[in-house]
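Notes for the one structure printed next.
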Amino acid sequence: MSASLEMPVSKHAEDSMHPIYLDYSATTPVDPRVAAKMIPYLTEDFGNPASRSHPYGWTAEKAVENAREEVAKLVGADPREIVWTSGATESNNLAIKGAANFYSGKGKHIITVATEHKAVIDPVRELERQGFEATFLEPEPNGLVDLEKFKAAIRPDTVLASVMLVNNEIGVIQDITAIGNICRENGVIFHVDAAQATGKVHIDLDKLPVDLMSFCAHKTYGPKGIGALYVRRKPRIRIEAQMHGGGHERGMRSGTLATHQIVGMGEAFRIAREEMDLENARIRRLSDKLLHGLETMEEVYVNGDLEHRVPHNLNISFNYVEGESLIMAVKGIAVSSGSACTSASLEPSYVLRALGRSDELAHSSIRFSIGRFTTEDDVDYTIELMKSKIDKLRELSPLWEMFKDGIDLSKVQWAAH
Amino acid sequence: MAYSDKVLDHYENPRNVGTLDKNDPNVGTGMVGAPACGDVMKLMIKVNDSGIIEDAKFKTYGCGSAIASSSLVTEWLKGRTIDEAYAIKNSEIAEELALPPVKIHCSVLAEDAIKAAVADIKAKQAAKETA
């Protein structure tokens, strides 16, 4: 790239290798304070936390236990309720398969939601192959679970329910207190995927009716490859280990602990606990500004409930503009599209489809996710960029022309291909 | 995904974007695709009395390759007879733009759009003769 050889005039120059990062829901950069804390545990304090016979091991074990406390503190848990894993996908697998299998004598029915992350959907599908039955609840058009429908889905043989706290695509916050209470009343174990929630919403597991909760570090300015599962002690929840060999983590998850990663997650969660209120206020201002700027255009729709959502996520459909061409047009920003057009199947996002969004709106969606290092300049630039590119693509769009001519697109006979 | 330079050029600077008067007896319109599939192409051609395409315009809802395919064919169509236009194959479009396999359907759609526009002008001409 010849462009990268030139000195960038500004951060906003059309530098296609370093667009403005607005994809914090995919992953976050590691906070420099976190990285600094991790490094000594790779070189000097490299010991195995399971080594009991020398100071190398003791130092590592102390660091791991400090981090466990920090993770527990952010979510109102006891450190003994925190089990280290490799990330939220492993936590979800361990919670869902581990609890379903341990309690399968009670019943073999599982409830989850159609808009869950694949790391929940796929383990549930796997359990179906092993003889469990599953209900995938359709959310309301705003992305939220209807409590009455949830209640109605419970059967005498329902053993486990899994509902995420903050949705990764549309940012909506489910009412896990109400859902958890329903589970409690019916003796159903309740798992919550909170991968997208830490540092964004307050979590107090001391009060929440939740039995199992999944976390990861890399959505909260920690490193990739480390996560945790909360396993309630009172009343005690049992899970079957999915990884055997050594009996680490009280037998629930064997494998040498990745001290530096764990230290990173602990530090990331400490920073989140101390700074989240200030940070969220700032992010809400940026998010409101972005939304207001984009809403000056016609035919712009926010996907997911506007009230019950984290400000970090704005998932927006730009009607009559196709998602992939839009992504191509906005090279100056790094965002993700609800349209997986790189495959030949042209499947729009299953999450947006589950909300009942039309194919066109699902194809025309962009997820903007704002984070710790987003600036007001970034938002201003994004608004101007989106406006100019949407105008250009709509000028190109036969659907926009038809809309402007007052043609009802839903009544057109399309030649599907 | 990496796009070829030619796709990027057509996408950044699309040729012949616009609309012709669809009620003009010398204008043929072809609209193919469906919003549900993520692409819709509208191609309009204006044919003179000698059967030569004088003007071509397009509008496309779709990915960069779909936009580039339709932009390219508007360039190719001008000056050709409608029979020559009808003979354009998707493989020529795909080759010119170096489309990857997952984007071949964009060139197919562009070929379909040409055929639909030619069919429309032929239908209009037939109606004129019987009138």
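The values are calculated or read from the model by the stated rules, or taken from the named source; none is laboratory data. The shown structure was predicted, so the numbers you read here are calculated from the model rather than taken from an experiment. Every residue, glycine as well, gets a Cβ built from its backbone with ideal geometry; the counts of neighbours run over all protein chains shown.
General remarks:
- Of the residues examined, A:S369 is not one that is over 28 Å from the mean Cα position of the chain (by Cα) and either at pLDDT 85 or above or over 19 Å from A:N303 (Cβ atoms) (or both).
- Taking the criterion of being surrounded by fewer than 21 Cβ atoms within 10 Å (Cβ to Cβ) and among the small types (G, A, S), the residues of segment A:89-109 that qualify are A:S104, A:G105, A:G107.
- Matching residues, segment A:235-272, being basic (K, R) and either in a loop (DSSP other than H, G, I, E, B) or farther than 21 Å from A:L42 by Cα (or both): A:R236, A:R238, A:R250, A:R253
- Test: A:L291 is closer than 28 Å to A:D78 by Cβ and in contact (Cβ under 8 Å) with a residue 12 or more places away in the chain: no
- Residue match in segment B:88-104 (condition: touching a residue at least 12 places away in the same chain (Cβ under 8 Å), within 20 Å of B:D24 (Cα to Cα) and at the interface with another protein chain (Cβ under 9 Å from one of its Cβ atoms)): no
- Of the residues A:R282, A:R372, the single one that is among the basic types (K, R), away from chain B (no Cβ under 13 Å) and under 14 Å from A:Y24 (Cα atoms) is A:R372.
- Of the set (1) touching a Pro at 6+ places or on another chain (Cβ under 6 Å); (2) within 28 Å of A:P141 (Cβ to Cβ), all apply to A:A217 but (2).
- Residue match in segment A:396-403 (condition: in contact with a Gly (Cβ under 9 Å, 6 or more places away or on another chain), acidic (D, E) and not in a strand (DSSP E or B)): no
- Looking across segment A:340-355, the residues that are at pLDDT 90 or above and either under 30 Å from A:I271 (Cβ atoms) or away from chain B (no Cβ under 14 Å) (or both) come down to A:V351, A:A354, A:L355.
- The conditions of being surrounded by fewer than 24 Cβ atoms within 10 Å (Cβ to Cβ), in contact (Cβ under 8 Å) with a residue 24 or more places away in the chain, within 14 Å of chain A (Cβ to nearest Cβ) and not aliphatic (A, V, I, L, M) are met by B:Y11.
- Test: residue in segment A:88-110 that is in contact with a Pro (Cβ under 7 Å, 6 or more places away or on another chain), modelled with pLDDT of 95 or more, in a helix (DSSP H, G or I) and of a type in the set (K, R): yes
- Long-range neighbours under 8 Å by Cβ, at least six apart or interchain, first residue more than 14 Å from every other protein chain (Cβ to nearest Cβ) and crowded, with 18+ Cβ neighbours inside 10 Å within segment B:106-124, second among the aliphatic types (A, V, I, L, M) and in a helix (DSSP H, G or I): B:I114/B:V73; B:I114/B:L77; B:I114/B:A85; B:V118/B:I82; B:V118/B:A85; B:I121/B:I82
- Residues of segment B:28-47 that turn out to be within 13 Å of the chain's Cα centre (by Cα) and either more than 9 Å from chain A (Cβ to nearest Cβ) or of a type in the set (S, T, N, Q) (or both), as a count: 7
- Segment A:392-413, subset within 17 Å of B:C63 (Cβ to Cβ) and within 7 Å of chain B (Cβ to nearest Cβ), residue surrounded by the fewest Cβ atoms within 10 Å (Cβ to Cβ): A:E395
- Pair list, Cβ < 9 Å and 6+ apart or interchain, from segment A:139-168 residues that are under 16 Å from A:A194 (Cβ atoms) to residues that are assigned to a helix (DSSP H, G or I) and of a type outside the set (A, V, I, L, M, F, W, C): A:A161/A:G180; A:S162/A:N92; A:S162/A:P123; A:V163/A:G180
- So A:A281, is it modelled with pLDDT of 95 or more, of a type in the set (A, V, I, L, M, F, W, C) and either surrounded by 16 or more Cβ atoms within 10 Å (Cβ to Cβ) or in a loop (DSSP other than H, G, I, E, B) (or both): no
- Test: residue in segment A:111-120 that is touching a Leu at 6+ places or on another chain (Cβ under 6 Å), within 27 Å of A:G371 (Cα to Cα) and not in a loop (DSSP other than H, G, I, E, B): yes
- Helices (runs of 4 or more DSSP H) fully within segment A:14-77 counting 1 or more residues that are farther than 30 Å from A:T374 by Cβ: A:40-43, A:55-75
- Of residues in segment A:325-339 being within 11 Å of chain B (Cβ to nearest Cβ) and more than 20 Å from A:E401 (Cβ to Cβ), the one surrounded by the fewest Cβ atoms within 10 Å (Cβ to Cβ): A:K331
- Among the residues of segment A:285-323, just one is in contact with a Cys (Cβ under 8 Å, 6 or more places away or on another chain) and among the acidic types (D, E), namely A:E322.
- Enumeration of residues in segment A:131-166 that are among the hydrophobic types (A, V, I, L, M, F, W, C) and in contact with a Lys or Arg (Cβ under 8 Å, 6 or more places away or on another chain): A:F132, A:A134, A:L137, A:V159, A:V166
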